[in-house]
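Student: Dropping a structure here in structure tokens format, bear with me for questions.
The values are calculated or read from the model by the stated rules, or taken from the named source; none is laboratory data. Values in this document were obtained by computation on a predicted structure and should not be read as measured data. With ideal geometry, Cβ positions are generated from the backbone for all residues, glycine too; neighbour counts draw on all protein chains shown.
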């Protein structure tokens, strides 16, 4: 009898875990070939305190330049702010890494009788790396982001949770950031190319 009860308890626990789960870390990688020397492409994106190459960014307030520990606050064209911290910078290798430390709230949604704040970028614990590499006379830009969805508690798909707290929402938002930025960067060097052939890879 005890064995049956134990088995039933384990099955119930497994079922609960299967349906209600916490956030799963995602890793999105976007790569884009640009018909321009890597040094020229890097020149456009190299300054941590300058995001004028990204059309979604209205302005930047920054301190520290390109030194490790520098910070920048991005004011978005759509409204809201994102504050980021520079973790690593290597001009020779044409790469830098940064992390979001704070974001303004875009909206609130209700789930399980709780009001949940959704930041302007619906992610949590977001870190990113952007780099440029030579490819003959051309270059390859690689932009990588690791993150969790904005809502860090368990979600049960059976409850039909608000879309804003799902992994899909975070993936869609990060994809949009990458697509908009990389497409605009491409058009600085290839103005006649209609769409950017960005290669996306997602791992979770």
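Student: Sort out which residues of segment 136-163 are in contact with a strand residue (DSSP E or B) (Cβ under 8 Å, 6 or more places away or on another chain), surrounded by fewer than 21 Cβ atoms within 10 Å (Cβ to Cβ) and at pLDDT 95 or above, and write them in order of number.
Tutor: If the condition is that a residue be in contact with a strand residue (DSSP E or B) (Cβ under 8 Å, 6 or more places away or on another chain), surrounded by fewer than 21 Cβ atoms within 10 Å (Cβ to Cβ) and at pLDDT 95 or above, then 138, 140, 142, 144, 146, 148, 162 are the ones that fit.
Student: If I filter segment 170-204 down to residues being at pLDDT below 95 and more than 30 Å from residue 24 (Cβ to Cβ), which single residue comes out as surrounded by the fewest Cβ atoms within 10 Å (Cβ to Cβ)?
Tutor: Restricting to residues being at pLDDT below 95 and more than 30 Å from residue 24 (Cβ to Cβ), the top hit is 192.
Student: Identify, from the list 88, 92, the residue that is out of contact with any helix residue (DSSP H, G or I) (no Cβ under 7 Å at 6 or more places or on another chain), surrounded by fewer than 16 Cβ atoms within 10 Å (Cβ to Cβ), modelled with pLDDT of 95 or more and more than 19 Å from residue 63 (Cα to Cα).
Tutor: Of 88, 92, the one residue that is out of contact with any helix residue (DSSP H, G or I) (no Cβ under 7 Å at 6 or more places or on another chain), surrounded by fewer than 16 Cβ atoms within 10 Å (Cβ to Cβ), modelled with pLDDT of 95 or more and more than 19 Å from residue 63 (Cα to Cα) is 92.
Student: Which of the numbered conditions does residue 134 fail, given that it passes all the others? Conditions: (1) over 15 Å from the mean Cα position of the chain (by Cα); (2) within 18 Å of residue 39 (Cα to Cα); (3) in a helix (DSSP H, G or I).
Tutor: Result: residue 134 fails condition (3) only.
Student: Turning to a different aspect of this structure: Can residue 128 be described as surrounded by fewer than 14 Cβ atoms within 10 Å (Cβ to Cβ) and either modelled with pLDDT under 95 or not in a loop (DSSP other than H, G, I, E, B) (or both)?
Tutor: no
Student: Is it the case that segment 150-163 has a residue that's in a helix (DSSP H, G or I) and within 20 Å of residue 27 (Cα to Cα)?
Tutor: yes
Student: Out of 107, 92, 201, 99, report the one residue that is under 28 Å from residue 67 (Cα atoms) and in a strand (DSSP E or B).
Tutor: 99
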